Every structure is written in structure tokens, then in C-alpha cells.
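No lab work stands behind these numbers, since they all come straight from the coordinates. In this text, all values refer to a predicted model and were calculated from it rather than measured experimentally. Neighbour counts run over all protein chains shown; Cβ positions are idealised from the backbone, glycine included.
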Amino acid sequence: MHTPYPQLFTPLDLGFTTLPNRVLMGSMHTGLEEKKDNLQALAAYFAARARGGVGLMVTGGIAPNRQGWLASFGAKMTSRGEVAKHRNVTQAVHAEGGKICMQILHAGRYGMHPFLVAPSALKAPISPFRPWEMSRRLIRATIEDFANAAALSREAGYDGVEIMGSEGYLINQFIAPRTNHRRDEWGGDWQGRMRFPLEIMRKVREKAGKDFIVIFRVSMLDLVEEGSTWEEVEELALAIEAAGATMINTGIGWHEARVPTIATLVPRGAYAWVTKRLMGKLQIPLIATNRINTPEKAEEILREGYANMVSMARPFLADPDFVRKAQTARADEINTCIACNQACLDHIFKGKTASCLVNPRACKESTVDGGRFTVDGSRWTDTGSPITNNQSTNNTKVAVVGAGPAGLSAATELAAMGREVHLFEASGEIGGQFNMAKRIPGKEEFHETLRYFGKMIEKNGVVLHLNTRVDANFLIQNNFTEVVVATGVLPRNPKIEGIDHPKVLSYIDVLLHKKPVGKTVAIIGAGGIGFDVAVFLTNHQSTNQPITTYQHEWGIDENYKNRGGITKSQPEHPPRQVWLLQRSKGKVGERLGKTTGWAHRLTLKSRHVQMWNEVEYQKIDDAGLHITVKGKSQLLEVENVIVCAGQESMRDLYAPLLAAGLHVHLIGGAKAAGELDAKRAIEEGWKLTFSA
């Protein structure tokens, strides 16, 4: 069959084995690695992606010993008992025709436990514990542990391993002068600092055998001060190749780096240029990574000679069938990763199992219990009585009112089950709150989610009624037996004197209705919407900033003249002066996502946004916004005041429909306004398909 992505689907010959395509599913910790089920859930998770056609997959990080744990009692590969559990994973993958490598990761000073070790006793800013400095004997033992983990992984049926040498973990800590202050043979000059990774590579190859894939993930751009120089990166890559690596993967940025590398605000393929610097220098394949989320971008990277293979991780949470859809000319059916991190990385950092905002099925592939999905043994909280899934109800006529994320999820899922689904939307387009989110610079990926839902509406036969406002009588008279109320939210207006003043706008006025905004602005409310509005108002371009603009704003040295590839940031002067105001105490934006909130705060700081907490609002008048900040009265002489002070549920339909005896389901913002929680909204729409 002809494919529009010929480079992506060219096989890759590794000598002793051939990969069917150039797609690597990159390593990603999900929490399933520690699940006490003999890794059955992890097996089902990877089997689904193997069935979807991925060329090669890599597991989340597995420690080679206890000191290397990411957290206490984390996943490790040290014994025959662990080999037996991992066979469940490899057998499930091989049964689907896939190939899989186990990543060996030693956390070093990034561990979240008191037994962590590192080349030098330097505390990491992201761990509460100071590491123990490794003795020469422990260094030698750790090298043996890496090799032993590789040998055991082969025994478990893995097709290879990936040695995690980047992102600031232990191997990277030995390489960089930032974290290696040793003066013995394992530190000091460059030859001493690269000795540890080379010894590991040689020993792994020796113990694992020649016909075994060994990927080495090299930190090609540390993005921290006192990181590696480009000359060191190149020399290390050549030495790793000589030591027996099958492929080299690209690592970008340490976890402590203050540069976003995978968030939505990072342009697609923003780091492929780093991998390209090595192309032509090595004989083994090179893998490009970070923010590659469409087959078009992957094909472009391969076609333009940036890499031999592309790595995508979170896109396979969003859609396990990504590769198969691209290969069979169904790319328009791909559920694209929007790099929000809300259900994947944010979950992991809270000790929860990962999932995906746009695909709530992710990481739940094996957790069906009596027809109802469970997580870690606890039942889901119902969104109301589920719409039953049996033959007698297949002709159920369902009305879904509201085409925001919750309504779109419910309508497309129910229609896929064979229901007759009518989706009613009062406005002229689907999307609800996403139609505002997609206008925020750095959140353009929300267009992709709406594109996907539009395709699913068409594919699954949802009857879409735009510009149609319905009431209870209409739904009753048209014989709908089930109604899903997904009518969303309205902005909440705080009780402030002068709130009706002409200079006051809501976030909907600004983002959806595109009303003009002055050069001086106060934003009431510093939740996610307040931050979005602040980003929108301080950005020169509405969307799709060039990679160079992103590099300058975050101080990325595209010429690689400085250690770590980092330089002084050069953000553009913002077009407006903005105050972002928060009523409560504590850090402004404290409730933002753990893995992205810091980047949003730094973005606004670089644009000179004044972020104030403990603000009391007195009144709004011609002079501006009168406030009290920590007990001191002030006047902000602003041209506009934009209200982002929360939302209220729109659920007027719910009570009359219940009173009429219809089966009614309340989901999304209509159920609970919250902070525009798209993750919950999409998940609740999906849950309606569960059998009672």
C-alpha cells in the first residue's frame, strides 16, 4: 500500500535484526512498572502499542540496583524473580509482532529516597536528599550491576536495552563538571569524566552479547550551566559507538534545567537540530526526540537528514495506533498528543498511575473488572448511571447537549458503540472552552484535539446540530431516552464595585470574541485561565512562534558556544504591561501543573508581568482598579480589567429533564465548574460507555 510517509516506513537494518519502520516509542515511566500484578498491566499496555505497529519500544526506567531507584521500592532488574515478571511483558509484545528494549536507569542524585548515591555529594534541587559520594568500589559494582541488568533483561526476553545516560541521571552526573567534582580516575578532566559511561557500555555489550540491541541515550544538550561542551558530546558519542552501541538516542535537558523541553509551548521538533549536528559523524543510527507528535513532522525530520529514526513517547499514550493509522493513510484519525503533561507526567510526580488527557484509556488496558474499569483496585466514581452496553439498548437514542470536550467525548464514544447520537451545540463550532485555549500562544495543539473529534463525529455517525439551542421540552418531544448534559460553564463575576464598568472584560470577551485590549491591563484571578490570558496579552504573535523566538526567550545557545548549550535569554519586549492578581496567599499560580507551572511563571516573569498575591479588590472606576495589597491601598491605572475569577456550571437543563423521567447524565463543567478541567471532562464522557 502506498504511504505518504516513505521515510518513516523504510525498514532499519541493524545487522542482526531489522526494524520494520523508523519509529521508536521512547521511554516513559507510567507507574505500571511498580504495580503488584506480575507486570500484567504493563504487558497489556505495551501489547496495545506493539499491535499499533511501533517499530521498537523502550520501557520506563528500571534500576540496576537499589541505590538507583527513582523512589523507594521502585522497579529494578536484579534477580531471577524479576526476570519472570518481565517475561509477561516481552511475551505479550512478541505475540503482537513487536520488539521491546528495557531501559536501565540509575537515578543517582535524582532519587527520592535516602539511599541515593552520586559521583559527588551534591544535592539536586529536585530531591530532598543529599547523595552519598560513591567510592571506587561502589563505582565498579555499579558498572557490574548495569551489565547484570542487561544480561537479565535478555533472559527475560527483551530484544535489547537502552542505557539512560542523559536527563541528569547518574551517568550524566559523572559526565558533567556541574555534578562531578572528583579528582580521582572517575573525575577531573574530560577523560576521567567519560570513563564511567564507557565502562558501562563495554561491560553491557560483553555480558549481553553481540546480537542484542543496545541503545545509549547521550545527553546532547544539557541546558544547565557547567554541562558538557559540544566537543565533549561528539567525542563521547564516537567513543560509545566504538564501545559497541547499536544506536544512539538523543537526550535533551536535565530535569533541573529551567528550560521547557517537552511542554506544549515548545515548538514541534524544536531539538532535531541537535541530533543533526552528529549526523555523518557516526556509522550507527541516530535517534531524534522531543515534541515530535505527528507523522508529518517525523517524516520531515527523516527526509531532511536530521536523524535516522525518531522517538515519540507521549504520542503513544494519546493513540496506541498512531503508526498503523499513518501507514494506512488514516493520519487524520490520529488522536494527537497535545503535550499538556496533565495526566502523564503530573500524575507520575504525584505518585499516581499515568494516563492521558485526550485518551483516558491509556494505562488502563488491563483493568476491567466486572465490566467496570478500576484503577489500583478502587472503583471509578460514577458520572451518573452508565448508559448500558447490551444488545437490547443498541437502538438507544441519545442527545448530548454541548460540544465542548465532555460532550465531544461522550458523543463520539457512544456513537462508536452503535447508539444513535445527536450532538447539540448552541454556537457555530465544536470545541467549547478549547476554542479559547487554542488561541493561547504555545497551546496551538488544541486545534489537533478538535480536528480529531471532528473526524470521529464524521466516522462514528454522530448527528451534529450546530447553532442549535435546545430546552427540556424539545428533548422530551423528540423522544430522546437518554440525555447527556455537557453544557459547560459561564465565567463567574466577582462582587466588586464597578464590575460593570466599560473597561471590564471577561476572558471570553478577550479570547473568544476578540475584543480590543489596551496597553495596561489588570487580570483578576491567577488560575490557569488568568495565566493563559497573561501569556496571550504579552505575546507579539498570536500563535505558532518560530523556533528561533523560543530559543531566544529561553536562552538556548543554537550555536553551542557555551557549556550545556545555554546562554542569556533574550525575550522580546512585551506589547503590554500586565498585572496578574491573586486573592489568596501563597505563590501565584501554585495550583498549576507541577511539570509546566514553573515554565508558565518564568514566561510571565521574563515579560515583566507583575504577579501579586494577597490582593483585595475595592472598586473599578475611570481611574482604574483600586486594590489593597497585603493591607496597603493602591491604584492600578489600567485601561482594562480582565476577569478570570472562576466559573459557574450551566446545568439549567438537568432538573426539568430529571423531573420528566428521562435518564440524564451530568458531565464536565456542567457537573463541576472547577478550573476548566478538560482531563476530567473527557474522562467522564468516556465513562458513560461502561456497562452497568
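List of remarks:
- Cross-link partners for K515 among the lysines, with Cα-Cα distance under 21 Å and sequence neighbours closer than 8 places in the same chain left out: K438, K443, K503.
- In the range 196-242, taking the dipole from charged Cβ atoms about the Cα centre, the farthest positive-side position among P197, T229, I213 is held by I213.
- Whole-number Å³ per residue for the convex hull built on Cα positions in the chain: 161 Å³
- Distance from the Cα centroid of the range 236-255 to that of the range 307-327 is 22 Å (rounded to whole angstrom).
- Residue-wise HN-Hα coupling along the range 512-517, computed from phi with Karplus coefficients 6.51, -1.76, 1.60 (Hz; x: Gly, Pro): 9, 8, 6, 6, x, 10
- Simple Cβ-charge dipole of the chain, Lys/Arg +1 and Asp/Glu -1, about Cα centre, in debye nearest 20: 1140 debye
- Kirkwood-Stokes translational diffusion coefficient of the range 12-368, alpha-carbon pairs, 37 °C, 0.692 mPa s, µm²/s: 164 µm²/s
- Expressed per residue, the C-alpha convex hull volume of the range 461-560 stands at 227 Å³.
- Projected area averaged over orientations for the range 216-370, convex hull of C-alpha atoms, nm²: 11.4 nm²
- Förster-model FRET efficiency, 30 Å R0, A84 and R130, C-beta, rounded to 0.05: 0.25
- Size of electric dipole in the range 12-368: Cβ of Lys, Arg +1 and of Asp, Glu -1, about Cα centre, debye, nearest 20: 720 debye
- Hz values of 3J(HN,Hα) by residue in the range 299-305 - Karplus curve (6.51, -1.76, 1.60), Gly and Pro given as x: 4, 4, 4, 6, 5, 7, x
- Cα gyration tensor shape for the range 306-351, rounded if a/c is under 1.5, else prolate or oblate: oblate
- Average Cα contact separation per residue, the range 46-152, under 8 Å, 6 or more apart, as relative contact order %: 30 percent
- Square roots of five times the Cα gyration tensor eigenvalues for the range 92-165, Å: 30, 15, 8
- Residue pairs, from the table K99/K679; K85/K679; K35/K671; K587/K619; K35/K594; K99/K281, whose Cα atoms sit over 29 Å apart: K99/K679; K85/K679; K35/K671
- Kirkwood Rh (inverse of mean 1/r, distinct Cα pairs), the range 1-64, angstrom: 13.5 Å
- In a simple Cβ point-charge model (Lys, Arg +1; Asp, Glu -1; nothing else charged), the range 73-165 has a dipole of about 340 debye relative to its Cα centre.
- Derived scalar couplings ³J(HN,Hα) [the range 306-322; Karplus, 6.51 cos²θ - 1.76 cosθ + 1.60; whole Hz; x for Gly, Pro]: 7, 6, 9, 8, 10, 10, 9, 10, 4, x, 8, 6, 5, 8, x, 9, 3
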